[in-house]
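Colleague: The structure that follows is given in the form of structure tokens.
The values are calculated or read from the model by the stated rules, or taken from the named source; none is laboratory data. Fair warning: this is a prediction, and the values are worked out from it, not measured in the lab. Cβ sites come from the backbone with ideal geometry, for glycine too, and all protein chains shown count toward neighbours. The accessibility values were calculated without ligands, DNA or RNA, using every heavy atom of the protein model including side chains. Shrake-Rupley method; radii C 1.70, N 1.55, O 1.52, S 1.80 Å.
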Amino acid sequence: MSEIRTTLEHGWIQVKVPLPFSLKWVNSYIVPETEGVTIIDPGLGTSGAKELWANTLAEEGLGWDDIKRIVLTHQHPDHYGLAGYMQERSGAPVYMTERSHAYTQRLWGEGSRFPEALRRLYVLHGMPGEIMNRIEDNLDGFAALVSPQPKVEYIAAGQRIQLGQREWELIDAPGHAYGALCFYQPDIRWMICGDQVLPRITPNVSVVPDEEEDPLETFLASLKELRAYDVAYALPGHRDPFTDFKGRIDELIAHHARRLDKMAELLKQEPGTAFALCETLFGSRLRDNPHNLRFAMSETLAHLYFLEREGRIRSRESGAALLYESI
Ligand SMILES: [Zn+2]
Ligand SMILES: [Zn+2]
């Protein structure tokens, strides 16, 4: 990880908040306001991230009460996790969409039934129970990393928001996360894109229980919509800000087209469950990394659902599992 803090144009600061995953860091942005600052996506609630914020604020000459607002691009724990902690110290309102907030309550609210629903989904798609146990243990660990949870105020796509003394458009950007927002500023042509468009990493597109079953279709449609914006500078949730927004979108669209073709081809050779296909694509060593395995499995499902909707493959029951085959 290079510099932890980078000053961008207009006095914005990119802060690389550490993550205990292969992603390494999540970008938080400190936005200077007439009075105090706005924080975009504070990070995951680890001790390392808390320490980083204490140092960052001190070195920038800021106190907790200089944080006037906390704005979230989406609900994933690496972005949302520290919002409640930061709110407790600053008293700042936390803004996110209603749909993103509903997701946080489904996953980390009292009596969450999410792990159970995920188990049903994965076992139906061929994952052995003992591997699912490891995923469930890994999921359990997240509740602590998003606690305390914030009191939230809702913002919605189509609205405008003032950030850094400029007006930004809020754009619905579903697929990676339902309820996610991108923020666009037409005068400086900046796009805050959360995880919807990332440089060098393909944003995860996952089938998630109790969300729509077409995340990949939704994601690709959203990318095409975002592609129409005139963007000079994109501020992503991971890696570094970048300039070729349209070019990156084209690469992501091409990546998924290739992946879909490859999966259709594999199923032509041999029918298989989603889990078997996931291991063919991502390797069985992922069994030792339940966090990444969950992403890989849900991403495999997203592609299979897409292919099935397109009529290129079909599924049939085989014992207790679903088997996919090409048509
Ligand atoms: Zn995300
Ligand atoms: Zn993220």
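Colleague: In Å², what does the accessible area per residue of the chain work out to with a 1.4 Å probe?
Modeller: Numbers: 13980 Å² over 327 residues.
Ligands and nucleic acids excluded, the result is 43 Å² per residue.
Colleague: A follow-up question, please. Cross-link list LYS24/LYS246; LYS16/LYS68; LYS50/LYS151; LYS68/LYS224; LYS24/LYS68; LYS224/LYS262: which exceed 29 angstrom alpha carbon to alpha carbon?
Modeller: Too far apart for the 29 Å limit: LYS68/LYS224.
Colleague: Also, I was wondering about something else. If we count every other residue with Cβ under 12 angstrom of ARG314's Cβ, Lys/Arg +1 and Asp/Glu -1, where does the sum land? All intermediate terms of the calculation are to be shown ahead of the outcome.
Modeller: Details: positive: ARG309, ARG312, ARG316; negative: GLU308, GLU310, GLU317, GLU325.
My count for the surroundings of ARG314 gives -1.
Colleague: In a shell of Cβ-Cβ distance under 10 Å around LYS268, excluding LYS268 itself, what net charge do Lys and Arg (+1) and Asp and Glu (-1) give? Present the calculation step by step, with values, prior to reporting the outcome.
Modeller: On the way: positive: ARG312; negative: GLU265, GLU270, GLU325.
Within the 10 Å Cβ shell, the charges total -2.
Colleague: DSSP loop (so not H, G, I, E, B), at most 16 other Cβ within 10 Å: list which trypsin sites (Lys or Arg not before Pro) in region 200-257 pass both filters.
Modeller: Taking region 200-257 and a limit of 16 other Cβ atoms within 10 Å, the loop trypsin sites (Lys or Arg not before Pro) found are ARG200, ARG239.
Colleague: At 1.4 Å probe size, with the rest of the protein present, what percent of the exposed accessible area of region 5-326 is carbon and sulfur atoms?
Modeller: 46 percent
Colleague: Also, quick follow-up: 222 nm [θ] for the chain, helices only, -39500 (n - 2.57) per DSSP H run of 4+, per residue, to 500?
Modeller: After summing the helix terms and dividing by the residues of the chain, the value is -12500 deg cm²/dmol.
Colleague: A further question on this structure: From zero outward in steps of 20 Å, how is the percent of C-alpha pairs of region 5-326 spread across the bins?
Modeller: Using 20 Å bins, I get a P(r) of 32, 56, 12, 0 for region 5-326.
Colleague: Okay, moving on. Rounded to the nearest 5, what is the percent of antiparallel bridges among the DSSP beta bridges in the chain?
Modeller: Approximately 70 percent, going by the DSSP bridge assignments.
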